[in-house]
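Quick notes on the structure that follows.
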Amino acid sequence: MYMAAIVAAALLLLYTSASAQETEEYFRQNCMSCHTIGGGRLTGPDLKDVESRKDRDWLVRFMLDPRGVIESGDPYAQELLSQARGAIMPSFPTMTKKRAGQLLDLIAEESKLERSQFKGLQVSDRPFTEADVDKGRRLFMGYERLENKAAPCISCHAINDIPGLGGGTLAPDLTTVYERYSGRKTLSTWLSAPATPSMQSVFKPQPLTPDEVLALTAFFEHTLQRNPTDPSTARLNFLLIGVGAVVLILGVFDVIWNKRFRSVRRVLVNSVNEEILKRANSESKDA
Amino acid sequence: MNVRSQVSMVFHLDKCIGCHTCSIACKNVWTDRKGAEYMWWNNVETKPGTGYPTKWEDQEKYKGGWEKKNGGIRLKSTGKGRIVPNIFHNPSQPSMDDYYEPWTYKYDELFNAPEGPDQPTARPVSMVTGEYINVESGPNWDDDLGGSRQYAENDPNLDALTEDQRQALFSVEQLVFFYFPRICNHCLNPGCVAACPSGALYKRGEDGIVLIDQKKCRGWRSCVAACPYKKTYYNWSTGKSEKCILCFPRLETGQAPACFHSCVGRIRYLGVLLYDADKIQEVANLPDDQLVDAQRSMILDPHDENVIEAARKNGIHESVIESAQASPVYKFVKEWKLALPPHIEYRTLPMLFYVPPLSPVMASLDDTLTSIDKDFFHDVEESRVPLKFLASLLGGGSEGKVLYALKKMKAIRIYRRAMTVGDITMETAQRALKEADCTIEQAEAIYKLTSLCTFDERFVIPPMNREEAIEMMKDPHEHRTNTGFGFVDSPKRSF
């Protein structure tokens, strides 16, 4: 009986500490790209002492379904939305009521600390160089392999800096991403641990290194100076290039297979008929 | 010596009257089906003429047969490397228009027309699309020089002639033509078999008949392009290619093929030849002018003890050897050297041989009488169908072989005339025979087999010994337990 109690207590301890660790890990992977605790706002607000601003019930509700709360017309949510320049917090399929509580507990714990471990990444603030931009472009295009072997950006994203057919159309155009994510710090943090589900599935197992983040951010800042591509002209260009290529390929085929079999009988008959007709015409003229 | 047996054929063009009975017999038995309407496994062409499909002899276009390349020979149309880039579209495929679009008539409209002021007609409808068509061409559209401006003048064999000869050939008083019936040649070096990517075509070991396995055929149509005689056809309904099967079900039951059996002019001969299969490659590589002789040298004397011994060793049945000894084809091709292979320069080594036709003398007003005593073969050399034309068709380009055969035939006519009419002396006839390299015995034999031949003399069909031939493909004991009853449509337990 006694023994059983000890084992149970040990297991419970193990579970809670494991659970605390897991929550920290969860925060790092899912929240840190947009939020800090005491590090100032990124895309989303600084979460230090968040419970002093709004009660736990409301917060849990928001965490479970951010879009729903915003669309319900809640005034505070509207305010948050305008602060985030229209960026809506993604809904996390792994978010539960229990998880939300744990996260809020963690935030409360960390808020008490002088310097939270979630204060935010130390983003280098050295000015971007031409070499950074160039490396960023190379990484984006896939000319240079990402260190952890994730797929290059161009697989899914387009950007106006690409010659030819542009990039992928699965994901948003990144020409103005630097502006949308309000600058270097936010974008860098976001790239270090992307929060959206599709980005996560690619970059969680093979994250970008700080060097790569810097280069890509530099590249995105560079592209900002250009105009984003108009999607409709891009589509038209794609179509026109496609039609042109088909005509060209058919032309090449025609040359390669120039000696292919062509009609024998019809050509024969037509040529002789033409000759006869011509002769008849000239004879009638003579007459 | 690797002795094989081959059922071979001779067509005596001097006897062909161009009645197309052979074509109809074949059509009724084999190709009166959906997808096969346009096929004529047997057809009769008028020469000069472009034939069926139109201008099939123009291998610059049709790319049939073999060509000499890098010291060897290769197919003109395809090859192991060349087949890959052309896998989705074979570039040497004749179109339906080059054969003809098969049609029938809407007889309903003729018989059930309502009463009216106009004559009812039966309009032609395509047997492919079922829609009304304007008939522009048929399988013997240039028969008897019909439409000769378009067709006959474009016979590829006329390329061998001078411009004067061509002009003369088509001037009204000298117009001449002969008939050229064609079936599959069941070649020794068949292009169709070599071209098939699926391995569906094969040459039957026991009798050399070339067949297409309808289960293995995948409709690549490489055989259609590769056959220089255009004797394989694609069935658009079944998606398989088909060709003349030399009526093997009839042969196996001792009957001559339908076209042979029905031949009105009795121009067709069929019999076994023994040949040396080891020589095929060597012969097919020789220059054009040596091909006719070389092919003859491959054909072995069935009376020669060594040949018989080698044949036995190769598993050729005694009855087949005996049949080869009585073969009329052997006599025409090898002994008498009368029959010649068509277009042997395609190098497929065809095993159907043609006796060239004699034609009327080229006569002009001041030279109508020629003394037969002085110049026996004046009219052969001056015949209306120029020797060059026949040489292009049957002699591999050299006139000598054709001239030899024509002279012999002419000499036998002189000999028979001395016998029956008597206005030529026998000495003159004998001199003519001697000049034509023919003995009296040979002249008699040729005369008999040409003019008085019976069914059994024309068709010496070897016993096919299927019970032995089947051992090459499957175990007879197993075969026995799998057939016997209901092998066309086996009975199944059902409700």
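General observations
- Among (1) closer than 20 Å to A:Leu268 by Cα; (2) more than 14 Å from chain A (Cβ to nearest Cβ) - the single one B:Lys61 does not satisfy: (2)
- Consider segment B:70-83 and keep the residues that are within 13 Å of another protein chain (Cβ to nearest Cβ) and either in contact with a strand residue (DSSP E or B) (Cβ under 9 Å, 6 or more places away or on another chain) or exposed (fewer than 14 other Cβ atoms within 10 Å of the Cβ) (or both). The one that is farthest from B:Asp58 (Cα to Cα) is B:Arg82.
- Pick from segment B:406-453, criterion among the small types (Gly, Ala, Ser) and not in a helix (DSSP H, G or I), ranking: nearest to the chain's Cα centre (by Cα): B:Ala436
- Residues in segment B:94-114 that are surrounded by fewer than 18 Cβ atoms within 10 Å (Cβ to Cβ), among the hydroxyl-bearing types (Ser, Thr, Tyr) and either within 14 Å of chain A (Cβ to nearest Cβ) or touching a residue at least 40 places away in the same chain (Cβ under 8 Å) (or both): B:Ser95 alone.
- Just one of the listed residues (B:Met409, B:Met472, B:Met464, B:Met426) is among the hydrophobic types (A, V, I, L, M, F, W, C), touching a residue at least 24 places away in the same chain (Cβ under 8 Å) and exposed (fewer than 14 other Cβ atoms within 10 Å of the Cβ), namely B:Met472.
- Residue match in segment B:282-290 (condition: outside any helix (DSSP H, G or I), of a type in the set (S, T, N, Q) and on the phi < 0 side of the Ramachandran plot): yes
- Of all the criteria given as (1) closer than 30 Å to B:Pro360 by Cβ; (2) part of a strand (DSSP E or B), the one not satisfied by B:Tyr202 is (1).
- Subset tally (residues that are within 14 Å of another protein chain (Cβ to nearest Cβ) and exposed (fewer than 11 other Cβ atoms within 10 Å of the Cβ)) for segment B:115-135: 1
- Whichever residue in segment B:139-154 is within 11 Å of another protein chain (Cβ to nearest Cβ) and part of a loop (DSSP other than H, G, I, E, B) and, among such residues, is farthest from B:Leu169 (Cα to Cα): B:Trp141
- Residue within segment B:250-271 that is modelled with pLDDT of 95 or more, β-branched (Val, Ile, Thr) and part of a helix (DSSP H, G or I) present: no
The values are calculated or read from the model by the stated rules, or taken from the named source; none is laboratory data. Worth saying up front: this structure is predicted, and the values here are computed from it rather than measured. Using ideal geometry, Cβ is built from the backbone for each residue, glycine included, and neighbour counts are taken over all protein chains shown.
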